[in-house]
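Rule-based calculations on the coordinates, nothing more; no lab input. If you're wondering where the values come from, they're calculated on a predicted model, not measured in any experiment. All Cβ positions, glycine included, derive from the backbone under ideal geometry; neighbour counts span all protein chains shown.
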Amino acid sequence: MNCMEEQIRISAFRWLEQQTAIYGDVLPYQLLQQGFDYQGERVTIIGPQGIWKPKQLRLIPISITTAPNGPYDDYSDERGLIIYRYRGTDPYHRDNVGLREAMRQTVPLIYFHGISNGKYFASWPIFVVNDNPAELSFTIAFDDHRSADLYSRQFTNSNSPNVFNEYIVQEEADYRRHYTTSIIRSRLHQSAFRVRVLEAYSEQCAFCRLRHPELLDAAHIIPDTDPRGIPSVTNGLSLCKIHHAAFDRNIIGVTPEYQIKVKEEVLKEIDGPMLKHGIQQLHAQKIVLPHNKSLWPDQEKLEERYVHFVKAQ
């Protein structure tokens, strides 16, 4: 792979760092589809094919994608590593050959996981660590951002020692990648939970109707620290950050009948307008519910959580 291709790949990593600093881990497809400028040319980093190579690269792709409701059944193995399906059934299809070459040259790629239509979780660097021709699949591992930084340093500073290859082939690399993969998968699940909950509530706070997604969280009814606190929409509420904190700390509760209750001693306090209008006036109001009734909060979960609220009074 020539120097220009390396620089394009590095530029893609840096561009993604900038975008995730703005949007978070989940990026809009339209933004990804537009890509970025490199020396006056537009470089795309995602496309209609799951294995994507922009025109500026000769063989090795820049990214792989698992689309929501896509045609390929990508999944995780018992170690949490991604089993990514070949394109089609021909092991020598150009896209499959490109991923095989990425494995041979230990070239870092980008992974996009479709959470919902138009929203993709972005992670990099990833590496192809195994080719499974009998199963028409590759094994993909996540690595930490230090490997991407070392890769960048290797190709942007001729005086920098070549430590990238040492870092990715050292004995503990497998352990580091397994650990990183578990962390990234946890972030992926939490990001997917947030996106689906906010979409169910039309991207507004279920208490105060605030409609700024950047100020909204997906709050668990049964906490995710509990084995039963599954990341399903019916175990979630779309809440602004203030009301999420108040809900988590039992200042605000929700009855199984979807009515908001405010802690009694807080109702008696006299403070500024935020307390009065932002919390106290919510008392006895009904929460905003999703349009789809199948996504309404689970009433048994709410009842269990409301018992904790009452005990905390």
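Couplings 3J(HN,Hα) for region 3-10, derived from phi with the Karplus relation 6.51 cos²θ - 1.76 cosθ + 1.60 (θ = phi - 60°), are 5, 4, 5, 4, 5, 5, 5, 5 Hz, where x marks Gly and Pro. Charged side chains reduced to their Cβ positions (Lys and Arg at +1, Asp and Glu at -1) give region 31-91 a dipole of some 260 debye around its Cα centre. Against the longest principal axis of the chain, how steep is helix 145-156, in degrees 0 to 90 to the nearest 10, with axes from Cα atoms? Between helix and principal axis, roughly 40 degrees. Output the relative contact order of the chain, whole-number percent, from Cα pairs under 8 angstrom with separation of 6+ residues. Reported relative contact order: 11 percent. Tell me, in nm to one decimal, what length is gained between ALA284 and SER76 on full extension, where the rule is 0.36 nm per residue of separation less the Cα-Cα distance? Net length gain for the segment: 70.4 nm. Each peptide in 208-215, 105-112, 247-254 receives the mean, over its residues, of other Cβ atoms within 10 Å, and ordering these scores from highest gives 105-112, 247-254, 208-215. Under the shape rule built on the C-alpha gyration tensor, where the axes satisfy a ≥ b ≥ c, region 1-124 is oblate, since a/c reaches at least 1.5 while a/b does not exceed b/c. Other residues whose C-beta falls under 11 angstrom from the C-beta of LYS263 contribute a net charge of 0, scoring Lys and Arg +1 and Asp and Glu -1.
Sequence-ordered 3J(HN,Hα) estimates for region 53-62 from the Karplus curve with 6.51, -1.76 and 1.60 and θ = phi - 60° stand at 10, x, 4, 6, 9, 7, 9, 7, x, 9 Hz, glycine and proline given as x. For region 186-237, averaging the sequence separation of C-alpha pairs within contact (under 8 Å, six or more residues apart) and dividing by the residue count gives a relative contact order of 35 percent.
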